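Enquirer: Got a structure here, written out as structure tokens. Questions coming.
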Amino acid sequence: MAEVPEVETLVRDLQQAVVGRRLTGAEVLDPAAVRFPSHRELSSLLEGRRVTAARRRAKLMLLSLDDGQVLALHLMLWGNLSLRPVSGTRPEATLVVFGLEGGEELIFSDTLGYARAALAPADELAERLKLSELGPEALADDFTPELLARQLRRRRGPLKTVLLNQRVLAGLGNRDADESLWSAGLHPRRSASSLTPPEVGRLHEAIREVLDEGIRLRGTQRDLFGIQGQARHHRHVFGRTGEPCPRCGMPVHASKLGGRNTHWCPHCQPEHLPGHAPPLPLGP
């Protein structure tokens, strides 16, 4: 699953292996994978352009080009990006192939076919993808417990749902939200605005630790060079329904919350603490 650790790993690989090189064009195998411009224009707009920078915003990979354009790549759930020598053979799930000088190409693929690319001048791309509406980055230096508290205090919805709102916190995904709440000992359906300062501090620390660990282990997917990351997709509670909690041994529970699969430990993440409002109900 492509969440912040997986995307950040790819961006760091791109900084190492692609920044400074020129693109030779693009071959679009699935026109639906190109949001804008038209898939027919993409190759000519990229041809001869030098990649000057690579960065991440939320779950987007943003490659700046020497003419002021930005190439945005979004992996969605299971997309991937790989750097390979030009060989003529490509995975069946390939959506777009970006040619690079030096006889290599970037393979943009997705077995589900949901991954998307977009290209436009920086200001236009930011407007069309609504980048200004995204919340703070959890890995940024200015992401403090105080900032997290401000983001949560006006939100009365379930904590898990609020954390997945990209206007509240940019990039945090379903898996890492579950793991962060387990680490902080917070029930996913607690009202976001009900957290005390110590609870916000625990949550802030947990989010940073979960993301930092995932990046240190290079995510759960293959990186740009095809090397498998060492992070575990099913960690402490995520995807481990009915298995024992590694902290207390009680079976991990799961249900739908805001349409998303949600996992928690009923002992380590109690639903209702004295002095707190009852948690909001989970969906069916």
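Enquirer: Could you give me the percent of Cα pairs per 10 Å distance bin for segment 4-133, shortest bin first, beginning at zero and ending with the bin that holds the maximum distance?
Expert: Bins of 10 Å from zero give 13, 49, 36, 2, 0 percent of pairs.
Enquirer: Once every DSSP H run of n ≥ 4 in the chain is given -39500 (n - 2.57) and the sum is divided by its residues, what mean residue ellipticity at 222 nm do you get, rounded to the nearest 500 deg cm²/dmol?
Expert: Mean residue ellipticity at 222 nm (helix-derived): -8000 deg cm²/dmol.
Enquirer: With a 10 Å radius around each residue's Cβ, average the other Cβ atoms per peptide and rank 184-193, 97-106, highest first.
Expert: Ranked by mean Cβ neighbours within 10 Å, highest first: 184-193, 97-106.
Enquirer: Any idea what the alpha-carbon Rg over 2.2 N^0.38 Å comes to for segment 168-217?
Expert: 1.10
Enquirer: Give the relative contact order (percent, whole number) for segment 4-133; include only Cα pairs under 8 Å separated by 6+ residues.
Expert: Relative CO of segment 4-133 lands at 28 percent.
Enquirer: A follow-up question, please. If packing is taken as the mean number of other Cβ atoms within 10 Å per residue, what is the order of 255-264, 221-230, highest first?
Expert: Taking the mean over residues of other Cβ atoms within 10 Å, the ranking is 255-264, 221-230.
Enquirer: Another question about this same structure. Any idea how far apart residue 76 and residue 196 come out in nm if each label point goes 7 Å out from Cα toward Cβ?
Expert: Distance between label points: 4.4 nm.
Enquirer: Right, another one. Can you work out the FRET efficiency for the pair residue 156 and residue 112, with r the C-beta to C-beta distance and R0 = 25 Å, to the nearest 0.05?
Expert: It comes out at approximately 0.15.
Enquirer: Additional query: Could you tally the net charge around residue 188, taking each other residue with its Cβ under 10 Å from the Cβ of residue 188, Lys/Arg +1 and Asp/Glu -1?
Expert: Net local charge, residue 188 excluded: +2.
Enquirer: Quick one: if you stick a label point 7 Å off each Cα along the C-beta vector at residue 44 and residue 123, how many nm between them?
Expert: Placing both labels 7 Å beyond Cα along the Cβ direction yields 2.5 nm.
Enquirer: I'd like the accessible area for residue 1, computed on protein heavy atoms only with a 1.4 Å probe and all protein chains in place. Round to 10 Å², please.
Expert: 30
Enquirer: Please state, as a whole number in µm²/s, the translational diffusion coefficient that the Stokes-Einstein equation yields for segment 145-264 at 37 °C and 0.692 mPa s, with Rh defined as the Kirkwood radius across alpha carbon pairs.
Expert: The Stokes-Einstein estimate is 222 µm²/s.
Enquirer: Taking each pair of distinct Cα atoms in the chain once, what is the resulting Kirkwood hydrodynamic radius in Å?
Expert: 20.0
Enquirer: For segment 104-147, what number results from the quotient of the Cα radius of gyration and 2.2 N^0.38 Å?
Expert: Normalised Rg, Cα atoms only: 1.67.
Enquirer: If you place +1 on the Cβ of every Lys and Arg and -1 on the Cβ of every Asp and Glu, how big does the dipole about the Cα centre of the chain come out, in debye to the nearest 20?
Expert: 860
Enquirer: From the backbone phi of segment 169-183, what are the Karplus-calculated ³J(HN,Hα) couplings (6.51 cos²θ - 1.76 cosθ + 1.60, θ = phi - 60°) in whole Hz, Gly and Pro given as x?
Expert: The phi angles translate into 8, 7, x, 5, x, 4, 4, 6, 5, 4, 5, 5, 5, 5, 4 Hz.
Enquirer: Roughly what % of DSSP beta bridges within the chain run antiparallel, to the nearest 5?
Expert: 95
Enquirer: Then there is this: Using only alpha carbon pairs under 8 Å that are at least six residues apart, calculate the relative contact order of segment 145-264 and give it in whole percent.
Expert: 23
Enquirer: Would you mind calculating the relative contact order of the chain from Cα pairs under 8 angstrom and at least 6 residues apart, reporting the percent as a whole number?
Expert: Relative contact order of the chain: 18 percent.
The values are calculated or read from the model by the stated rules, or taken from the named source; none is laboratory data. As the structure is a prediction and not an experimental result, all values here were calculated from the model. Note that each Cβ is placed from the backbone with ideal geometry, even for glycine, and that neighbours are counted across all protein chains shown. Heads up: the accessible areas ignore ligands, DNA and RNA and are worked out on the full protein's heavy atoms, side chains in. Shrake-Rupley method; radii C 1.70, N 1.55, O 1.52, S 1.80 Å.
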